[in-house]
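This report concerns only the one structure given below.
Please treat every number below as a calculation from the coordinates, not as lab data. It should be emphasised that the depicted structure is a prediction, and the values quoted were computed from it without experimental measurement. Cβ placement follows ideal geometry from the backbone for every residue including glycine, while neighbour counts extend to all protein chains displayed.
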Amino acid sequence: MYSRIVATGSYLPDKILTNKDLESIVDTTDQWITERTGIKQRHLAADNQSTCDLAEQAVRNAFESADIDPQSIDLIIFATTTPDRVFPSTACLLQQRLDIHGCPAFDIQAVCTGFIYALDIADKYIKTGAAKRALVIGAETLSRIIDWSDRSTCVLFADGAGAVILEANEEQGILSTHIHADGSFSDLLTTNASITGVNNIGKVHIGMKGNEVFKKAVNTLGAIVDETLEANNMQKSDIDWLVPHQANIRIINATAKKLKMPIEQVVITVQNHGNTSAASVPLALDTAIRDGRIKRGETLLLEAFGGGFTWGSALIKY
Ligand code: UT7
């Protein structure tokens, strides 16, 4: 039994912040951000919009695209690092909005690799027969934990949501997933948001040693490409599409080079929405499915790297 993607959806909030806008907030330039990251603009949630609000839009978008009844969902996994509340989980908040009752619903916290972790778990539920139709979401409101005076991070992170619906099917779907973590790098990409220690409400922000994260990301993603191909006894040329985590165009280019893949076969959306952490891979996937680039039967390699460090990949026959 395989997990097949039967629907995808995504949502970006209306408010757009361009690189030019950022020039008046911090000491930066459109040229620096474009050359070093590939980002041109990002979307920010409205003051009254939460991570669950963005996710709900993406999920309704997915249900509509395949005319699927929400009541048929028997598993909800929500990847986020910016949950609405400490508890209940954002998955439970979303479940209530969808008027679904009784099926397991839980959050996954693996920062930018969260969506790949969620896919890995959903796939195992489906393969073992424990679920038949799973809703997997990646959604973030990272703008809430950005220090808007720190030019090294505020130009990178932003808000968005993406979702996929997986269904048990005898036809090939997810071929393999690979997830990893190494907590010894936890201080290189982190936040001071905490429920222990000082009360830092209003002072919460992301901190990153960008250059060190960059080098580790490039090497680690190169290695996971090899691991994924070997596990499936496949060649680089068997991959039709690379759907990478959208953190930095230079990291994406390095992974494409490793795969000897022309850039036309890489889904790149980072210019439109910056780094949306767990939302980034499903946002890119939905974009390329909806615009007709990714077609049924093609082989997709999804990958991500993020805080923790965590990293992972999924090889999918679409
Ligand atoms: O999603 C999770 C994984 N996250 C990532 O993969 C992010 C990985 N890191 C990166 O993408 C890159 O390291 C950054 C985009 C964050 C930074 O690019 P970089 O080429 O590594 O630059 P850098 O940090 O080495 O900084 C180079 C210079 C510094 O100035 P000096 O010391 O050379 O004078 C920075 O102060 O660029 C300066 N700088 C900026 N200048 C203009 C840093 N941020 C900015 C900015 N505008 N926004």
Simple label model, 7 Å out from Cα along Cβ direction - Val6 to Ile263, nm: 3.9
Once you put a point 7 Å from the Cα of Glu298 and another 7 Å from the Cα of Glu227, both along the Cβ direction, what distance in nm separates them? 2.6
Determine the alpha carbon to alpha carbon distance for each of Lys209/Lys236; Lys124/Lys317; Lys215/Lys257 and list only those over 25 Å. Lys209/Lys236
Considering only C-alpha atoms, what is the centroid distance from region 94-138 to region 205-243, in Å? 23
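So in the chain, what percent of DSSP beta bridges are antiparallel if you round to the nearest 5? Walk me through the intermediate numbers first.
On the way: 40 of 55 bridges.
Percentage antiparallel, nearest 5: 75.
Quick one: length gained pulling Asp47 to Val204 fully straight, 0.36 nm per residue minus the C-alpha distance? Don't skip to the end; give the middle numbers.
Working: separation 157, 0.36 × 157 = 56.52 nm, distance 1.63 nm.
My answer for the length gained is 54.9 nm.
Between Glu35 and Asp291, what length in nm is gained on full extension when 0.36 nm per residue of separation is reduced by their alpha carbon distance? Walk me through the intermediate numbers first.
Details: separation 256, 0.36 × 256 = 92.16 nm, distance 2.62 nm.
Using 0.36 nm per residue and subtracting the Cα-Cα distance, I get 89.5 nm.
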Taking Cα pairs closer than 8 Å and at least 6 residues apart, the relative contact order of region 2-170 in percent is 35
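Just want to confirm a number: the relative contact order over the chain, from Cα pairs under 8 angstrom separated by 6+ residues, in percent.
On the way: 786 pairs, mean separation 83.2, N = 318.
RCO, the chain: 26 percent.
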Calculate the spin-label point distance for Asp238 paired with His178, positioning each point 7 Å from the Cα along the beta-carbon direction, and give it in nanometres. 1.2
For region 192-318, what is the percent of antiparallel DSSP beta bridges, rounded to the nearest 5? 60
Share of antiparallel DSSP beta bridges in region 10-115, in percent to the nearest 5? 50
Stretch in the chain that is longest and holds no trypsin sites (Lys or Arg not before Pro) that DSSP places in a loop and that have at most 11 other beta carbons within 10 Å: 1-202
Hypothetical label at Gln271: residues of region 207-251 whose amide nitrogen lies under 14 Å (7 Å Cα-Cβ projection): 249-250
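Mind checking the full-extension length gain between Gln96 and Ser149? Use 0.36 nm per residue of separation minus the Cα-Cα distance, one decimal, nm. Can you show the working numbers first?
On the way: separation 53, 0.36 × 53 = 19.08 nm, distance 3.69 nm.
Between Gln96 and Ser149, full extension yields an extra 15.4 nm.
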Would you mind telling me which residue in Val26, Val266, Val225 has the biggest mean-square fluctuation in a Gaussian network model of the chain, where springs connect alpha carbons within a distance under 10 angstrom? Val26
